[in-house]
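Peer 1: Encoded as C-alpha cells, here's the structure I'll be asking about.
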Amino acid sequence: MVASLLEARRELALANRIVANEGVIDAFGHVSMRVPGRPDRYLLSRSRAPELVTPDDLIEYDLDSQPLREPGVGQYSERVIHGEIYKARPDVMAVCHHHCPAFMPLLATGTDYVPIFHLGAVGGIRPPFWDQRDEFGDTNMLVVKPEEGASLARALGQGFLVLMKRHGVTVVGTSLRDCVFRAVFSARNAEYQVRALAIGSVSALSPGETELAGGISKKTTGLDRSWEYWTLRVAKAGGVPPAAKPRAGSRRKAARAGGRKAGRAKR
Ligand code: MN
C-alpha cells in the first residue's frame, strides 16, 4: 500500500495526527511503523506532540531503538516499546503507545478489557495486563530500558493489545492503518465499557463473536473507509501534515517542475 519511503513518512505523520485528533493520544504517546522493505528498521517521530508531527520529524531506528544517524533533536524516551515489539513480532508493521483517558479506569483497577460491540473486538478477547512493578520494582513508570520493552513484548504475546497497569496501552497492527483502526476502536470500546459498568453488568461479545468480528479490519473495506473519514476530520481541523522535503537531488527536479507549472499558469 505504501509505495515509497516519502509516502510512508507522510502516511505515518498523518497516522500520528489522526490518533491525536480522535482523542487517543495528546501531548504524549506515539505511533511508529516498520520501514517498508526494511524489516530491521522503523520510523518514529522526534520528541514532539503527535498532533504536530511532520514527515521530516521522523527518525529512522534499528530494532535496538538506536537512530541510524545522530538526529540532533530530542527523542522519545519510550521508543524501546516499539523496537522490542518489532523484534518479537515479525508480523507487526506498526505500533501505537498511548495513555488514552478512556482506558485509565481499567488500568487503575486492573479490570479486564472486554469487547462490548463488534468494533471493540479489535482488542481481542481478554488482552493481557503488564505491570512494570512485577519485574522491575519502583521505576518512574516509563518504559525506557530494552529489558523493560522486551518484557512488555512478552506480555503482548501474539495479541494486538497490551494494557499497562497504571500507565497506558500499547496497540499493534499488521499495517499502519490496521494499527490506527485498532487504537481508535479499542479506545471507543474502553469508553463504552467503563460507562456501561457504571449502570449495570456488562454483556460482552462471546469468544466466537470476538474472533469473527475481530476480522473486520482485515476482511472488509472498513479500514480504508475509516482512514478516509479520519483524514477528512484531520483536514477539517486544519491539521493535514506538510509534504516531506525531497532529498537534494530531487529538490532540483521539483524546482524545475514547479517552474514549468508556474510558466503554464501565466499563459
Ligand atoms: Mn507511556
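Peer 1: Amide H to amide H under 5 Å from residue 47: which residues, 5+ apart in sequence or cross-chain, H placed 1.01 Å off N in plane?
Peer 2: Distant-sequence amide H within range of residue 47: 74, 75, 76.
Peer 1: Then there's this: What are the ³J(HN,Hα) values, in whole Hz, obtained from phi via the Karplus relation 6.51 cos²θ - 1.76 cosθ + 1.60 with θ = phi - 60°, for each residue of segment 113-123 in sequence order, with x given for Gly and Pro?
Peer 2: Karplus values, whole Hz, x for Gly and Pro: 6, 10, x, 10, 8, 4, 6, x, 5, 4, x.
Peer 1: In addition: For residue 40 and residue 77, compute 0.36 nm times the residue count separating them, minus their Cα-Cα distance, and round to one decimal in nm.
Peer 2: 11.3 nm
Peer 1: What is the calculated FRET efficiency for residue 206 to residue 174, with r their C-beta to C-beta distance and R₀ = 25 Å, to the nearest 0.05?
Peer 2: The formula returns an efficiency of 0.55 here.
Peer 1: Note down the nm distance, to one decimal, between modelled labels 7 Å out along Cα→Cβ at residue 68 and at residue 231.
Peer 2: 2.5
Peer 1: Mind checking the full-extension length gain between residue 131 and residue 219? Use 0.36 nm per residue of separation minus the Cα-Cα distance, one decimal, nm.
Peer 2: 28.3 nm
Peer 1: Right, next: Counting only protein heavy atoms and a 1.4 Å probe, tell me what percentage of the chain's accessible area is made up of carbon and sulfur.
Peer 2: 54
Peer 1: Further, regarding this structure: In terms of Cα to Cα distance under 14 Å, which aspartates and glutamates are near enough to residue 219, apart from those fewer than 8 places away along the same chain?
Peer 2: 178, 211
Peer 1: Moving on to the next point. Quick one: Kirkwood hydrodynamic radius for the chain, alpha-carbon pairs, angstrom, one decimal?
Peer 2: 19.3
Peer 1: Give a residue-ordered list of calculated ³J(HN,Hα) values for segment 46-53 (Karplus: 6.51 cos²θ - 1.76 cosθ + 1.60, θ = phi - 60°; whole Hz; x for Gly, Pro).
Peer 2: In residue order, the calculated couplings are 5, 5, 7, 4, x, 5, 9, 5 Hz.
Peer 1: Can you list the equivalent-ellipsoid semi-axes of segment 1-88, largest first and in whole Å, using the square root of 5 times each Cα gyration tensor eigenvalue?
Peer 2: After scaling each eigenvalue by five and taking roots: 18, 15, 13 Å.
Peer 1: Below 8 Å, C-alpha to C-alpha, sequence gap of six or more: please give me the relative contact order for segment 58-195 in percent.
Peer 2: The value is 34 percent.
Peer 1: Does segment 151-193 classify as rounded, prolate or oblate by the C-alpha gyration tensor (a ≥ b ≥ c root eigenvalues; a/c under 1.5 gives rounded; else a/b over b/c gives prolate, otherwise oblate)?
Peer 2: Oblate shape, in that a/c is at least 1.5 and b/c is the bigger or equal ratio.
Peer 1: So, one more: List the relative contact order of segment 2-266 as a percent without decimals, with contacts defined as Cα pairs under 8 Å and 6+ residues apart.
Peer 2: Dividing the mean separation by the residue count of segment 2-266 yields 23 percent.
Peer 1: Next up: Where only protein heavy atoms count, and the probe is 1.4 Å, what is the accessible area per residue for segment 7-98 in Å²?
Peer 2: With the other protein chains kept in place, segment 7-98 gives 35 Å² per residue.
Peer 1: Please report the spacing between the Cα centers of segment 85-104 and segment 146-160 in Å, no decimals.
Peer 2: Answer, in whole Å: 10.
Peer 1: Still on this model: Compute the helix-to-body angle for 5-21: its Cα long axis versus the longest principal axis of the chain, expressed 0 to 90° and rounded to tens.
Peer 2: For helix 5-21, the angle is close to 50 degrees.
Peer 1: I've got another one for you. Specify the residue with the greatest mean-square fluctuation among 110, 208, 123, computed from a Gaussian network of the chain linking alpha-carbon atoms under 10 Å apart.
Peer 2: Maximum fluctuation in the GNM of the chain, among the listed residues, is at 208.
Peer 1: In degrees between 0 and 90, to the nearest 10, how far off the longest principal axis of the chain does helix 146-156 point, with axes built from Cα atoms?
Peer 2: Approximately 60 degrees, to the nearest ten.
Peer 1: Among 177, 34, 233, what's the order by accessible area (1.4 angstrom probe), most exposed first?
Peer 2: Ranked from most to least accessible, the order is 233, 177, 34.
The values are calculated or read from the model by the stated rules, or taken from the named source; none is laboratory data. Predicted model, so just to flag it, every value in this text is computed and none were measured. Because the Cβ atoms are built from the backbone with ideal geometry, glycine has one as well, and the counts that use them run over all protein chains shown. Each accessible area value is taken on the protein alone, full model and side chains, heavy atoms only, with ligands, DNA and RNA left out. Shrake-Rupley method; radii C 1.70, N 1.55, O 1.52, S 1.80 Å.
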